[in-house]
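Enquirer: Just dropping this structure here.
The values are calculated or read from the model by the stated rules, or taken from the named source; none is laboratory data. This one's a predicted model, so the numbers in the text were calculated from it and none came from an experiment. Note: ideal-geometry Cβ built from the backbone for every residue, glycine included; neighbour counts use all protein chains shown.
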């Protein structure tokens, strides 16, 4: 989990914006190779090809394989323009462009991974669409606030897991970024039954969970919600992801 | 909250199936008149016009106004055909026909009420569609099981409230119906922030909550998720409800 959160957008935009062209010598690329692991990293501030025109970045979630290669990137599609009492206003769209597409889930040794970011979790359509496209694991690297965190973080992640019948992995930034912004932390992993199977506390930490795809398949068999949907009543979540 | 739950479908179907043609002398009609209240009742077993052909009922949610008149009815659209370990198999479709439509929200003195039933709560598309059609209060008369209840009841109701920014009222059957079926109870009211503002325990009970539409409107203003949706990515939940 990497990212910058700064107060004035100008300061954010003056930082080195790193995208998915990570140098091969970066620790983010060498670590997967050395440890034989995959990494989900976000949200990166990425300068897109439209940077010169827009002067805005993309909020980008990057997936690296165990060779340190970028195998997928997702640009956050729902921007967080909100004004939560007690948490201060946030206008992500001042500095960020919204992504234009969802990404098809990516096959990994742990299962098929769907990519999302933070505020996206308030939109069940996105997670359902990723699950319909084959996702078994949904990933939400996040920086929830100090007010919405205690109220919404766990309940939304658990609901996304239950209704989409996926594992949910939500790495979370934590602590104080500057005078007016703090993040809630509490990274967690939720299984498809909605049980929190691993979690961190407020501060920096590491948590581990076993991904059991047999359990996931059994659950989908016992409670076949995707066979029970009624697209005749509320549509079919648009075109399938290619 | 009224309903029958019996083990063999034949026994259920042999019971007097009452629909929305309630006799004016029924306590369900006199009570609203005497007390000046509205009643949401479900799930009724309703014999539809297709009863002779299908020999199946509809699982029906009925809304009575303060004159004891039926102002809306909703037939459950998602039937619960599941096999939860520890809770026993359930095949609602053996005895029940699925409803063919969603109902537009109904104006009441407490706010605009959207109608759903029990298992419907696993489908966020339905609650989002009702909210988009103007619902301020979502109602889920339910009979959750003894295994899914502790695991999913509260978290799904709270998520539906948070993401649709509606009050959620979920009256719940409780206790043992017969040797193999018990219902979880724990009726609750959730506000649009996701806080459980009233709840019963396992047994029969009554709970009261204040519906504050100013709070709801403020929340929608502060966290305008319905302005942030991306129908270009996942459709627009089908045709608007008429």
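Enquirer: For residue B:83, all conditions in the list (1) touching a strand residue (DSSP E or B) at 6+ places or on another chain (Cβ under 7 Å); (2) crowded, with 21+ Cβ neighbours inside 10 Å; (3) free of Cβ contacts under 8 Å to residues at least 40 places away in the same chain hold save one; what is the number of the exception?
Expert: The single condition residue B:83 does not satisfy is (2).
Enquirer: Given the structure, is residue A:167 more than 24 Å from residue B:148 (Cα to Cα) and in contact (Cβ under 8 Å) with a residue 12 or more places away in the chain?
Expert: It is false that residue A:167 is more than 24 Å from residue B:148 (Cα to Cα) and in contact (Cβ under 8 Å) with a residue 12 or more places away in the chain.
Enquirer: Oh, and also: Starting from region A:225-237, take each residue that is facing chain B (nearest Cβ under 7 Å) and at negative phi and list its partners that are surrounded by fewer than 19 Cβ atoms within 10 Å (Cβ to Cβ) and assigned to a helix (DSSP H, G or I), counting only C-beta distances under 9 angstrom and pairs at least six apart or across chains.
Expert: A:229/A:132; A:236/A:132
Enquirer: With modelled with pLDDT of 95 or more, surrounded by fewer than 21 Cβ atoms within 10 Å (Cβ to Cβ) and over 14 Å from the mean Cα position of the chain (by Cα) as the only criterion, which of B:111, B:48 stands out?
Expert: B:111
Enquirer: Of all residues in region A:197-238, how many are within 16 Å of residue A:136 (Cα to Cα) and part of a strand (DSSP E or B)?
Expert: Matching residues across region A:197-238 total 1.
Enquirer: Now for a different question. Which residues, taken from region B:37-53, are within 17 Å of residue B:206 (Cβ to Cβ) and not in a strand (DSSP E or B)?
Expert: Across region B:37-53, the qualifying residues are B:37, B:38.
Enquirer: At the interface with another protein chain (Cβ under 9 Å from one of its Cβ atoms), surrounded by fewer than 17 Cβ atoms within 10 Å (Cβ to Cβ) and more than 24 Å from residue B:234 (Cα to Cα), is that true of residue A:221?
Expert: Judged against the criteria, residue A:221 is a match.
Enquirer: Are there any strands (runs of 3 or more DSSP E) wholly within region B:73-121 with 3 or more residues that are more than 8 Å from chain A (Cβ to nearest Cβ), and if so which?
Expert: Correct list: B:88-91, B:106-108, B:111-115.
Enquirer: Return the residues of region A:167-195 that are within 14 Å of chain B (Cβ to nearest Cβ) and either surrounded by fewer than 18 Cβ atoms within 10 Å (Cβ to Cβ) or assigned to a loop (DSSP other than H, G, I, E, B) (or both); say none if nothing qualifies.
Expert: Residues satisfying the conditions are A:191, A:192, A:193, A:194, A:195.
Enquirer: If I filter region B:197-209 for residues that are on the phi < 0 side of the Ramachandran plot and within 14 Å of chain A (Cβ to nearest Cβ), do I get at least one hit?
Expert: Yes, region B:197-209 has at least one match.
Enquirer: Can you tell me which residue among A:12, A:22, A:28 is at pLDDT below 75, outside any loop (DSSP other than H, G, I, E, B), within 22 Å of the chain's Cα centre (by Cα) and under 14 Å from residue A:62 (Cβ atoms)?
Expert: A:28
Enquirer: Within region B:123-150, track down each residue that is under 18 Å from residue B:238 (Cα atoms) and not in a loop (DSSP other than H, G, I, E, B).
Expert: Once the filter is applied, which keeps residues that are under 18 Å from residue B:238 (Cα atoms) and not in a loop (DSSP other than H, G, I, E, B), region B:123-150 yields B:124, B:125, B:126, B:127, B:128, B:129, B:130, B:131, B:132.
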